[in-house]
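Engineer: My questions will all concern the structure given below.
The values are calculated or read from the model by the stated rules, or taken from the named source; none is laboratory data. As the structure is a prediction and not an experimental result, all values here were calculated from the model. Here the Cβ is made from the backbone with ideal geometry for all residues, glycine too, and neighbour counts use every protein chain on show.
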Amino acid sequence: MESRGPVVHIFKAILASALGMLMANVPGIKGWCEVTAVWMGHTRPLPEELTLSWTTDNPEPSRVAYQDGAVWREIQDSQPTTWHRLQIPLSDSTRPCSIRILSGSATTEVFFPGYPADGLRIAVVANWQSRPDLSAILADKPHLLLTAGDHVDNLHSVCGEGRAECVEPFLQLIRQYPELFRRVPILPVLGNHDREIRPRMGKPPENPVYDIEARAFRRVFALPDAGWYWHFTLPQSGLCLVGLDVNHISDRGTTWQSCHDFGPDSEQFQWYKKIVTENTMPFLITFHNEQNAAMRNQYGGIWERLFQKNTAVISGFGHFGECALKDGVAYFNTSLQGKGDRYPDPASEFVASEHNYLLITVNRNPSSMQIRLKSLLGETLYTSARMVRIGGRTNAE
């Protein structure tokens with residue numbers, strides 16, 4: 001029996017090791033760590049870095065491997081956390097990049113599609129509360145996802161009233177669309193629902209209904225500039241994208257106020273004026289969550305004069321699809337919930353009561369842009385004229 005002792009001890013050691021590995025990979029057992037949400041975006045106004053964010057159910061160091069041409073590189077932050085965010089250098093932002101999140105008990109695959117100089121595709125959505133099937137958007141294989149506000153119903157129904165920093169509603173959205181958020185970077189714009197921390201009743205209450213600073217939204221989505229306004233430029237495509245914080249502007253000065261100031265002396269207006277007047281890109285698009293016609297009429301037309309420097313202005317205000325044309329600028333309204341009340345723009349060319357999104361295509365040679373309003377079944381409802389850059393102005397062919 002003594003001669004068999006070492007064999008028994010070796011067998012016991014192997015069995016214990018295997019059991020330990022098994023237990024470490026069972027949810028709920030100490031040592032198991034699951035990646036629960038993943039999303040991509042940008043914190044700088046140029047595509048020099050990709051911001052990769054993810055959450056885990058237990059604290060872990062942040063570790064990522066990414067493809068840089070033919071070479072795999074690794075970056076990490078050794079501090080254990082459940083909230084992870086790393087900046088991945090993009091030596092060539094036109095090139096796709098495979099990414100592996102190494103935090104957690106299993107590798108999580110992520111794919112950055114790159115931003116090609118020619119044939120860039122951008123999907124635009126708004127009013128995401130109904131959580132519809134977005135297979136049609138995935139089928140379009142967009143390189144970037146833009147929004148025009150209202151990603152969640154509110155914060156208080158999930159978090160409780162007054163909890164302005166509760167991020168769970170946004171994480172629920174991200175978890176519901178794992179393929180989309182792991183394959184397409186997002187640059188979102190604020191809507192009023194995205195910061196609603198108390199129920200909106202029949203009259204303005206004593207306490208603010210909205211967190212104007214949008215703390216939860218800004219924690220989840222790390223964006224350029226102030227975060228509640230931002231701009232992002234893709235020089236290889238000749239495109240500048242701008243996000244504004246304007247929604248429910250008629251409630252300004254009450255406890256229903258839901259956005260930052262937008263008057264002529266406001267930080268937001270002065271910043272926007274500088275961005276659009278100094279823009280050198282052939283194409284400029286502004287995104288916001290207020291009615292286009294209402295914004296054009298504010299403060300004696302100061303916003304319209306800046307909008308006139310755009311190729312297109314896109315809103316998520318109404319629950320319908322629309323394109324209006326005024327003074328050479330295309331004004332769109334888009335909504336994933338597209339069968340609500342309609343508020344047509346006075347310059348409206350097309351209106352549809354269909355659940356919808358936008359698909360923007362930008363070509364570099366020759367320099368042109370086209371915007372399609374599409375149903376969630378993938379049907380094209382409206383196609384803009386092809387917009388080309390001639391001299392210093394965008395013209396429709």
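Engineer: Assess whether Gly328 counts as being assigned by TED's automatic domain parsing to the domain that holds Leu358, at pLDDT below 95 and surrounded by fewer than 23 Cβ atoms within 10 Å (Cβ to Cβ). Give the steps one after another, and end with the answer.
Structural biologist: Numbers: assigned by TED's automatic domain parsing to the domain that holds Leu358: yes; at pLDDT below 95: yes; surrounded by fewer than 23 Cβ atoms within 10 Å (Cβ to Cβ): yes.
For Gly328, the condition - assigned by TED's automatic domain parsing to the domain that holds Leu358, at pLDDT below 95 and surrounded by fewer than 23 Cβ atoms within 10 Å (Cβ to Cβ) - is met.
Engineer: Is it fair to say Thr311 is of a type in the set (S, T, N, Q), within 19 Å of Asn127 (Cα to Cα) and crowded, with 22+ Cβ neighbours inside 10 Å?
Structural biologist: On the way: of a type in the set (S, T, N, Q): yes; within 19 Å of Asn127 (Cα to Cα): no; crowded, with 22+ Cβ neighbours inside 10 Å: yes.
For Thr311, the condition - of a type in the set (S, T, N, Q), within 19 Å of Asn127 (Cα to Cα) and crowded, with 22+ Cβ neighbours inside 10 Å - is not met.
Engineer: Another one. Please go through region 103-126 and pick out each residue that is crowded, with 18+ Cβ neighbours inside 10 Å, in contact with a Lys or Arg (Cβ under 6 Å, 6 or more places away or on another chain) and of a type outside the set (Gly, Ala, Ser).
Structural biologist: The one that is crowded, with 18+ Cβ neighbours inside 10 Å, in contact with a Lys or Arg (Cβ under 6 Å, 6 or more places away or on another chain) and of a type outside the set (Gly, Ala, Ser): Val110.
Let's see how each residue does on (1) surrounded by 17 or more Cβ atoms within 10 Å (Cβ to Cβ); (2) free of Cβ contacts under 8 Å to residues at least 24 places away in the same chain; (3) in a loop (DSSP other than H, G, I, E, B):
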{"site": "Leu46", "(1), (2), (3)": "no, no, yes"}
{"site": "Thr51", "(1), (2), (3)": "yes, no, no"}
{"site": "Thr55", "(1), (2), (3)": "yes, no, no"}
{"site": "Pro61", "(1), (2), (3)": "no, no, no"}
{"site": "Trp72", "(1), (2), (3)": "no, yes, no"}
{"site": "Pro80", "(1), (2), (3)": "no, yes, no"}
{"site": "Trp83", "(1), (2), (3)": "no, no, no"}
{"site": "Gln87", "(1), (2), (3)": "no, no, no"}
{"site": "Ser93", "(1), (2), (3)": "yes, no, yes"}
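Engineer: Inside region 312-367, can you point out the residues that are farther than 25 Å from Ser135 by Cβ, among the β-branched types (Val, Ile, Thr) and under 19 Å from the mean Cα position of the chain (by Cα)?
Structural biologist: Answer for region 312-367, where residues must be farther than 25 Å from Ser135 by Cβ, among the β-branched types (Val, Ile, Thr) and under 19 Å from the mean Cα position of the chain (by Cα): just Val313.
Engineer: Name the pairs: first residue in region 151-178 and touching a residue at least 12 places away in the same chain (Cβ under 8 Å), second residue of a type in the set (Phe, Trp, Tyr) and surrounded by 18 or more Cβ atoms within 10 Å (Cβ to Cβ), Cβ to Cβ under 6 Å, at least 6 apart or on different chains?
Structural biologist: Once the first residue is touching a residue at least 12 places away in the same chain (Cβ under 8 Å) and sits in region 151-178, its partners that are of a type in the set (Phe, Trp, Tyr) and surrounded by 18 or more Cβ atoms within 10 Å (Cβ to Cβ) give His151/Trp128; Ile174/Trp39; Ile174/Phe181.
Engineer: Assuming Asn25 fulfils every condition listed in (1) at pLDDT below 60; (2) over 19 Å from Arg100 (Cα atoms); (3) not basic (Lys, Arg) apart from one, which condition is it?
Structural biologist: (2)
Engineer: Would you call Thr383 surrounded by fewer than 21 Cβ atoms within 10 Å (Cβ to Cβ) and free of Cβ contacts under 8 Å to residues at least 60 places away in the same chain?
Structural biologist: Here the answer is yes, as Thr383 does meet what is asked.
Engineer: Since Arg364 meets every condition but one in (1) in contact with an Asp or Glu (Cβ under 6 Å, 6 or more places away or on another chain); (2) within 30 Å of Pro235 (Cβ to Cβ); (3) buried (at least 19 other Cβ atoms within 10 Å of the Cβ), which condition does it not meet?
Structural biologist: Unmet for Arg364, out of (1) in contact with an Asp or Glu (Cβ under 6 Å, 6 or more places away or on another chain); (2) within 30 Å of Pro235 (Cβ to Cβ); (3) buried (at least 19 other Cβ atoms within 10 Å of the Cβ): (3).
Engineer: Now, a different point. I need a count of the residues in region 127-148 that are of a type in the set (Gly, Ala, Ser) and buried (at least 23 other Cβ atoms within 10 Å of the Cβ).
Structural biologist: Step one: filter region 127-148 for residues of a type in the set (Gly, Ala, Ser), giving 130, 135-136, 139, 148.
Next, from what is left, pick out any that are buried (at least 23 other Cβ atoms within 10 Å of the Cβ): 148.
So the answer is 1.
Engineer: Please find, within region 348-361, the residue that is surrounded by the most Cβ atoms within 10 Å (Cβ to Cβ) out of those that are within 11 Å of Gly338 (Cα to Cα) and not small (Gly, Ala, Ser).
Structural biologist: Initially, region 348-361 is screened for residues within 11 Å of Gly338 (Cα to Cα), giving 351-357.
With the extra rule that they be not small (Gly, Ala, Ser), the set shrinks to 351, 354-357.
Working: Val351: 19, Glu354: 17, His355: 22, Asn356: 30, Tyr357: 27.
Going through the qualifying residues, I end up with Asn356.
Engineer: Could I ask something else about it? Hey, can you tell me all the residues within region 146-188 that are of a type in the set (Val, Ile, Thr), under 23 Å from Gly318 (Cβ atoms) and touching an Asp or Glu at 6+ places or on another chain (Cβ under 9 Å)?
Structural biologist: Here is the first cut: in region 146-188, the ones of a type in the set (Val, Ile, Thr) are 147, 152, 158, 167, 174, 184, 186.
Okay, now just the ones that are also under 23 Å from Gly318 (Cβ atoms), so 147, 152, 186.
If the condition is that a residue be of a type in the set (Val, Ile, Thr), under 23 Å from Gly318 (Cβ atoms) and touching an Asp or Glu at 6+ places or on another chain (Cβ under 9 Å), then Val152 is the only one that fits.
Engineer: Shifting gears a bit: If you go through region 249-274, how many residues are crowded, with 22+ Cβ neighbours inside 10 Å and either modelled with pLDDT under 95 or more than 12 Å from Tyr229 (Cα to Cα) (or both)?
Structural biologist: 1
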